[in-house]
Amino acid sequence: MTAAVGTLHGRLLAVAATTPGAAAILSDSGVTTYGELDRRSALLAEWLTAEGVGPGVPVGVCAERTPDLLVAILGILRSGAAYLPLDPKYPDERLRFMVEDSGTRLVLTTPGARGHCPRGPALLVLDGDTLRGEAGAHDRSARPAASVPVDSAYVIYTSGSTGQPKGVPLRHSSCGAMLDEAERIFAHCDLSGVAAVTSICFDLAVMEIFAPLSAGGAVVLLESAVHLAESPHLSRVTHLNTVPSVMTSLLDAGGLPPGLRSVVLGGETVRRALVDRIYRETDVARVFNGYGPTEGTVFCTFKEVPRDDTAEPSIGTPSTTARLYVLDTSLRPVPEGEPGELYLGGAGLTWGYLNRPRLTAERFVPDPHADGEYMYRTGDVARRLPGGELAFAGRVDHQVKVRGYRIELEEAEARLSSCPEVREAAVAVRAPEGQPEAGSLVAYVVPRDGADTAPGDGPWLDAGLQAGIRRQLGASLPDHMVPDTVVFLAALPVSPNGKLDRAALPVPPAAEAPGAEAPASTPTQVALSEIWGELLSRDAQSIGLQDTFYELGGNSLLLVRLARRMTQRFGRRVGVADLFRFRDIASLATWLDADGDSSGTDAILQARRRTETRRTVRDRGRPSRG
């Protein structure tokens, strides 16, 4: 079984052939060598071929983040097929749409993720060396077809402005060009231990996995970046790709690997202050700013941000495989320093969207600067700087980035409008003043009985109605697309021409903090509610025993800080994984009290004194029974 030059997996197989005993995957379950990865993926490719899988056939991957995930991806590629990443945490409706829209009829999964797979396609369960399938073998004599550069390697679904996600197929040739560029850019970086922390539903995962494995390095496979500090292989991590908001959280929590030497930031605007902090607080020698849409195969520009500079980082210069233009509405180049829309062409560009001919024609237009070629309208606004670098300057449409996730506001708005309680809806990103990286989605809703329920002339909050709307959205949208806050209005603001005036959407009113129905009472519970209150900017006494961190406005980034704060306060190690197991105050306190006697720590003694004081105050206000 061979792999053609210029494919996503060809270099990996070459490394496996020369160094089969080297470590390829470091995970909680141990070390997987290149030889094991080669052997198991080859067997899987043969099984898939017997089932009729081959070039042009999409195969789904809905798996836990174990070595089986990488075996599944590599086995699909070796069969000549393209893999369709399916996150088992996604809602059933979204997964079902992705498999139906792409024509996927077979999904590879793992025992723990099997129950989260979409209905319809046949399932093949990977469990170590065991393969259990629902489909019968067709032709055991067939041999896998080697991929060629024009074949699709994977299909990633991104948020869509039409209300439905859209599939982006990427060819092996584009992936090969990306790996060529990664080899050049990271020539002086240590890729012996690259943290794989990104969901495979996002294209950054492609570089996280295949750049190190194509160079003989190892992938340190983790559930997410917030689990980084808990990896048994933390000391092996030398390189990290992440978004600025996650990096800020990891720095706040002191959760970065001691051997980290290079960092790639992308997905959000990179600020000089964050770069300075990375250099100041870690032993990182190189910080990169990377830019690129999914349609262009991960990244199309890079900038190594120097330690001693003072200017805000640009997004760098185009890669050697990309063509980038800053154009006006007539597709003419704008003068240096002037803003214009950024257009992308080159070897990394996809041919269009799956089953979306009209959208493809709208976004992929003939390149007047290269005969016979096309260029992609990114929707990003940029300025060309002296020396050829580019500066990001915003968007021409309503696409946003929240914690690195690409979100089309129109898709979230379409889902909101389908809720029976909603007459009209708009979605915007709001960030605390001075913290642009901490932005979150806010929904603005005119309820069907808006005029009757409005408490006044301004915006209002309704916890019960918000919970119902968010619950419905969670059934069809990934967590990162569900607004954290729902603000209710009697009417949406409009401009003089009758269109939605997004700039006039009001600042959300402050939420009232009523007393908790079941308030903290034990010293541990009180200490926990105080920590939660500090992180969530809430009155600790408004936090009840059954409240969960996420329901109160927490997110995965805050979990890292919460784990560190609890570790410091209770004098024992608390990991992010523990916070996923014990989600409310009551269960967390029970676990902390049962797992060790912490009654002697300062935090517990102080919390006990505060509890006793509050009880005394409450008792003074009660009528005497005497």
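The values are calculated or read from the model by the stated rules, or taken from the named source; none is laboratory data. Just so we're clear, the structure is a prediction, and the values are computed from it rather than from any experiment. A quick note on method: Cβ atoms are made from the backbone with ideal geometry, for glycine too, and the neighbour counts reach across all protein chains shown.
Go over the candidates 283, 276 one by one and state the one that is surrounded by fewer than 22 Cβ atoms within 10 Å (Cβ to Cβ) and part of a helix (DSSP H, G or I).
Going through 283, 276 in turn, just one is surrounded by fewer than 22 Cβ atoms within 10 Å (Cβ to Cβ) and part of a helix (DSSP H, G or I): 276.
Could you pull out the residue among 536, 579, 545 that is more than 23 Å from residue 223 (Cα to Cα) and touching a helix residue (DSSP H, G or I) at 6+ places or on another chain (Cβ under 6 Å)?
Numbers: 536 fails: touching a helix residue (DSSP H, G or I) at 6+ places or on another chain (Cβ under 6 Å); 579 fails: more than 23 Å from residue 223 (Cα to Cα).
Only one candidate qualifies: 545.
Looking at (1) part of a loop (DSSP other than H, G, I, E, B); (2) surrounded by fewer than 19 Cβ atoms within 10 Å (Cβ to Cβ); (3) modelled with pLDDT of 95 or more, can you tell me which one residue 191 breaks?
(2)
Hey, could you check segment 344-358 for residues that are assigned to a loop (DSSP other than H, G, I, E, B) and among the hydrophobic types (A, V, I, L, M, F, W, C) and say which is farthest from residue 150 (Cα to Cα)? Can you show your working first?
So the first thing to find is which residues in segment 344-358 are assigned to a loop (DSSP other than H, G, I, E, B), and the list is 347-356.
Now drop any that are not among the hydrophobic types (A, V, I, L, M, F, W, C), which leaves 347, 349, 351, 354.
Values: 347: 11, 349: 12, 351: 11, 354: 16 Å.
Only one residue fits best here, namely 354.
Among the candidates 231, 224, 214, 245, single out the residue that is in contact (Cβ under 8 Å) with a residue 40 or more places away in the chain, hydroxyl-bearing (Ser, Thr, Tyr) and over 20 Å from residue 199 (Cβ atoms).
Going through 231, 224, 214, 245 in turn, the sole match is 214.
Under the condition of being surrounded by 24 or more Cβ atoms within 10 Å (Cβ to Cβ) and among the small types (Gly, Ala, Ser), which residue from segment 215-244 is nearest to the chain's Cα centre (by Cα)?
225
Name the one entry in 592, 558 that is at pLDDT below 85, surrounded by 14 or more Cβ atoms within 10 Å (Cβ to Cβ) and not in a loop (DSSP other than H, G, I, E, B).
One residue alone meets the criteria, 558.
Of everything in segment 374-426, what is part of a strand (DSSP E or B), under 24 Å from residue 347 (Cα atoms) and of a type in the set (A, V, I, L, M, F, W, C)? Give them in sequence order.
Scanning segment 374-426 gives 375, 381, 382, 390, 391, 392.
Can you name the residue in segment 533-555 that is out of contact with any Leu (no Cβ under 7 Å at 6 or more places or on another chain) and part of a helix (DSSP H, G or I) and, of all such residues, is surrounded by the most Cβ atoms within 10 Å (Cβ to Cβ)?
540
Going by what's in this entry, would residue 233 be described as in contact with a strand residue (DSSP E or B) (Cβ under 7 Å, 6 or more places away or on another chain) and within 21 Å of residue 559 (Cα to Cα)?
yes
Which residue out of 305, 264, 246, 226 is at pLDDT 95 or above and touching a helix residue (DSSP H, G or I) at 6+ places or on another chain (Cβ under 7 Å)?
Unique residue meeting the criteria: 305.
Of everything in segment 190-205, what is of a type in the set (A, V, I, L, M, F, W, C) and in contact with a His (Cβ under 9 Å, 6 or more places away or on another chain)? Give them in sequence order.
The answer is 191, 194, 195, 197.
Going through segment 213-250 one residue at a time, which ones are of a type in the set (A, V, I, L, M) and touching an Asp or Glu at 6+ places or on another chain (Cβ under 6 Å)?
243
What pairs can you find where one residue is in segment 584-602 and under 10 Å from residue 528 (Cβ atoms), the other is at pLDDT below 90 and of a type in the set (A, V, I, L, M), and their Cβ atoms are less than 6 Å apart, with a gap of 6+ or different chains?
Every condition considered, the pairs that remain are 585/545; 586/545.
Tally up the residues in segment 28-60 that are in contact with a His (Cβ under 8 Å, 6 or more places away or on another chain) and buried (at least 18 other Cβ atoms within 10 Å of the Cβ), please.
Total meeting the criteria: 2.
Please determine whether any residue of segment 476-487 is at pLDDT 90 or above, over 18 Å from residue 408 (Cβ atoms) and in contact with a strand residue (DSSP E or B) (Cβ under 7 Å, 6 or more places away or on another chain).
yes
I'd like the full set of residues that are within 26 Å of the chain's Cα centre (by Cα) and surrounded by fewer than 23 Cβ atoms within 10 Å (Cβ to Cβ), limited to segment 317-336.
317, 318, 321, 322
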